[in-house]
Structures are given as C-alpha cells and as structure tokens.
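Here, each number is a calculation from the coordinates, and none is a lab measurement. The model shown is predicted, which means the values in this text are computed figures rather than measured ones. All Cβ positions, even for glycine, are placed from backbone atoms using ideal geometry, and neighbour counts span all protein chains on display.
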Ligand code: HEC
C-alpha cells in the first residue's frame with residue numbers, strides 16, 4: 001500500500017483543488033447571470049441604476065466599493081437575493097449561479 005501513497009496524495013490534492021475551484025464560482029458565468037438578473041437594478045458596472053434607486057428611495061451602493069467588498073461571501077449572497085427592507089426577493093437564481101455571481105462581483109473591486 002505504501003507504494004501507492006504518493007499517487008493517492010496526488011489524487012487527494014487534485015480533488016481538493018477542483019473542489020475549491022468549484023466552490024469559488026465562475027466569474028464568467030456569473031457575469032451572464034448578473035447581466036440577466038441583476039443589471040437592471042445594479043447597472044452593468046455595479047454602481048446602481050439611478051432610476052431604481054430613486055423609485056425605491058434607496059442608496060444603491062457601488063458593488064465594487066470597499067464597503068460592499070469587505071462583506072463576506074455569505075453576507076453578499078443574502079444581500080444579493082434579499083429580501084431586505086428595500087429589496088424584494090430575487091427569484092430564479094440557483095445556489096451555483098449565486099456562487100458564480102459573487103465571483104463576478106469580486107472582479108468589480
Ligand atoms: C429589483 C431590483 C434589484 C435586483 C433585480 C437586484 N437587486 Fe441587489 N439590491 C437592490 C436594492 C434596492 C438594494 C439595497 C437594499 C437595501 O438597502 O435594503 C440591493 C442591495 C444589494 C447588495 C448589497 C449592497 C448594498 O447596497 O449594501 C448586493 C451585494 C446586491 N444587491 C447584489 C445583487 C445581485 C448579485 C443581484 C442579482 C442576483 C441583485 N442584487 C439583484 C435591488 C436589486
């Protein structure tokens with residue numbers, strides 16, 4: 001069995017890397033989801049659509065700002081889908097798509 005140890009370790013490492021890469025989400029796919037679902041309110045650059053901000057009487061923080069970026073992925077996920085005081089729940093986004101969107105938001109900083 002010891003003969004196979006290095007190979008086993010190699011597989012374990014490869015598996016771990018693949019899992020981490022998967023968990024971190026895919027920013028390119030996230031951009032597609034963002035464009036379809038989030039852009040109408042948050043604008044293509046994440047700085048917020050002024051018309052939406054005005055009609056909801058809310059300040060849409062730039063998603064690339066330090067204030068938003070310092071939040072954890074879990075916090076961002078909650079805020080992304082809502083509901084919050086001012087934000088209705090966003091529907092039709094799967095957990096995997098949400099991971100991708102968060103990765104995309106991380107590229108805005
Ligand atoms: C119908 C409009 C609308 C859509 C669609 C929408 N949001 Fe939001 N989002 C808001 C509003 C309004 C707020 C501010 C909420 C508040 O202050 O209570 C907000 C807040 C946020 C925040 C927190 C930033 C802050 O201002 O503190 C993040 C992150 C976010 N949205 C991400 C997303 C993502 C990602 C999507 C797409 C999956 C999305 N949103 C779709 C309206 C929207």
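Would it be correct to say that residue 71 is near the ligand (Cβ under 10 Å from one of its atoms) and assigned to a loop (DSSP other than H, G, I, E, B)? In short, yes.
Screening the candidates 56, 60 for the property of being crowded, with 16+ Cβ neighbours inside 10 Å and over 16 Å from the mean Cα position of the chain (by Cα) yields one hit, 60. Filtering the stretch 86-96 to residues that are near the ligand (Cβ under 8 Å from one of its atoms) and either closer than 19 Å to residue 69 by Cβ or under 10 Å from the mean Cα position of the chain (by Cα) (or both) leaves only 87. Pairing each residue of the stretch 65-92 that is more than 18 Å from residue 105 (Cα to Cα) with any residue that is in a helix (DSSP H, G or I), provided the two are 6+ apart or on different chains, yields C-beta distances under 6 Å for 86/56.
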